[in-house]
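For reference, the structure is listed below as structure tokens.
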Amino acid sequence: MAGLKDLKGQGHAPTLFMAFLYFDMSFMVWTMLGPLSTEISEALALTGHIMTASEKATLLSLPILSGAILRVVLGFGVDKLGAKRTALLSQTIVIAALLTAYIQGNSITYNQLLIVALGLGFAGASFAVALPQAGQWYPPKLQGVVLGIAGAGNIGVVIDFLFAPKIAEIWGWESVFGVGAFMAIVVFVAYLFLAQDAPEDVYKKNPKKLKDYGKLLKDKDTWWFCLFYAVSFGGFVGFAGYMKVYLMNTYQVDMSAFGLDVLDEGNVKVIAGYFGALCIFAGAVLRPVGGAVADKIGGVRSLYYFYGLVALLVIINATMSLPFGVAILVLFLIMASLGMANGSVFQLVPQRFGKDIGIMTGIVGCAGGLGGTALIQTLGWSKGAFDGYTAGFLIFAVVVFVAISGISLVKTRWRTTWGVQAGGRI
């Protein structure tokens, strides 16, 4: 496996760095509403709009939904306009959305927030731009380390939960969008001057067509991978987006006591952000570990382990009244397992669809976003219908068991057909 030292003298370092920075900034912006959910809800209440559980879920899931769909759209943009132009257009829309929220501030309406949420979806679609742009500059033997560097930007969601609630406490929730817009503008300018599309002598374009997507969508394995990623990445981004709402509704008293006794922090919303960041961090940084485990024992077996652990922990969380510390540990392990499952899924995808990995990344990534949207909506429905989250967690557990059953249905066929010549452990 290639390492960082192998990158010396290869490709285009400024483009690789800007792809990472663009993706990191975008992922942070994409999930910004999650750690600010309580503050925004309180601001709207002051104007007379009391958000229902369903409205909160819709607001938090909309960037995830639009980001999922826009991954495919921006993938076509990369082919037609080039990665750099597509990224700059996308960043412009994101900056406009951030400035809208900042300028409107406490006078913003719920419907206006929905429009902002749609705009933030362009940030979530950056996956379809940043990774191809970085990868185009480097030979096949370096794709793993290059895409690993560019894709490490998903740590941006952790930064959100660490700093957004504190900034909101000091300067107001709208200032977080102002800070985000300023940072996005800085990244935009740096990207404009430093990032470059790979020239034709380095990368030969092979534009995707609608019929290419149609061909892959006729393959049943495409749908299996969509299901598996909808569970793993959808679970990760869904829980991440809804984490603060869940913690504030379930463990507010415990977090308040912890903040005062341990951290001398009286703002429970900030404490919720810290615990949310801790749990999300596990899933963000352990994705490569999941890929490594899959390389060693096989992607199918690793998914059995990770999905099985997720299902068990989700059922425990749904059916037992856990002490706060134990609950945080359970959430931490759920997110860690989902993050590692993400790595395992993408250990298998390139082996099955190596020649179509670009298109498959868009299709499977879209499915992951749709899974996250469904999870947030399910948790919001559970809270609104039953004033609790037991039903929402149990429904997710059932979906995980469906995925486990799916693995059992396909594993023999995979191992005896394309897996024989895949080159890796299935």
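The values are calculated or read from the model by the stated rules, or taken from the named source; none is laboratory data. Note that the coordinates shown come from a computational prediction; the quantities given were computed from them, not determined experimentally. We place every Cβ from the backbone using ideal geometry, glycine too, and count neighbours over all the protein chains shown. SASA here: full protein model, heavy atoms, side chains in, ligands and nucleic acids out. Shrake-Rupley method; radii C 1.70, N 1.55, O 1.52, S 1.80 Å.
Within this structure, L312 passes the test of being part of a helix (DSSP H, G or I), surrounded by fewer than 18 Cβ atoms within 10 Å (Cβ to Cβ), aliphatic (A, V, I, L, M) and at pLDDT 95 or above. For segment 296-309, the criterion of being modelled with pLDDT of 95 or more, in a helix (DSSP H, G or I), aliphatic (A, V, I, L, M) and open to solvent by 60 Å² or more (accessible area, probe 1.4 Å) is satisfied by at least one residue. Residues that are open to solvent by 10 Å² or more (accessible area, probe 1.4 Å), modelled with pLDDT under 95 and aliphatic (A, V, I, L, M) were ranked within segment 98-146; the one that is nearest to W173 (Cα to Cα) is A128.
Restricting D356, D387 to those that are over 19 Å from the mean Cα position of the chain (by Cα), of a type outside the set (K, R) and on the phi > 0 side of the Ramachandran plot reduces the list to D387. If you go through segment 198-213 and keep only what is more than 25 Å from the chain's Cα centre (by Cα) and either open to solvent by 80 Å² or more (accessible area, probe 1.4 Å) or not hydrophobic (A, V, I, L, M, F, W, C) (or both), you end up with P199, E200, D201, Y203, K204, K205, N206, P207, K209, L210, K211, D212.
Could you check, for segment 402-411, whether at least one of its residues is over 23 Å from K218 (Cβ atoms), modelled with pLDDT of 95 or more and touching a Leu at 6+ places or on another chain (Cβ under 9 Å)?
yes
Listed here are the residues, each with its yes/no results for (1) polar (S, T, N, Q); (2) assigned to a helix (DSSP H, G or I); (3) touching a residue at least 24 places away in the same chain (Cβ under 8 Å).
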| position | (1), (2), (3) |
| --- | --- |
| I316 | no, yes, no |
| S321 | yes, no, no |
| V326 | no, yes, no |
| V330 | no, yes, no |
| L375 | no, yes, yes |
| R413 | no, yes, no |
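When segment 60-97 is filtered for residues that are of a type in the set (S, T, Y), buried (at least 23 other Cβ atoms within 10 Å of the Cβ) and over 17 Å from the mean Cα position of the chain (by Cα), the ones remaining, listed by number, are T86, S90.
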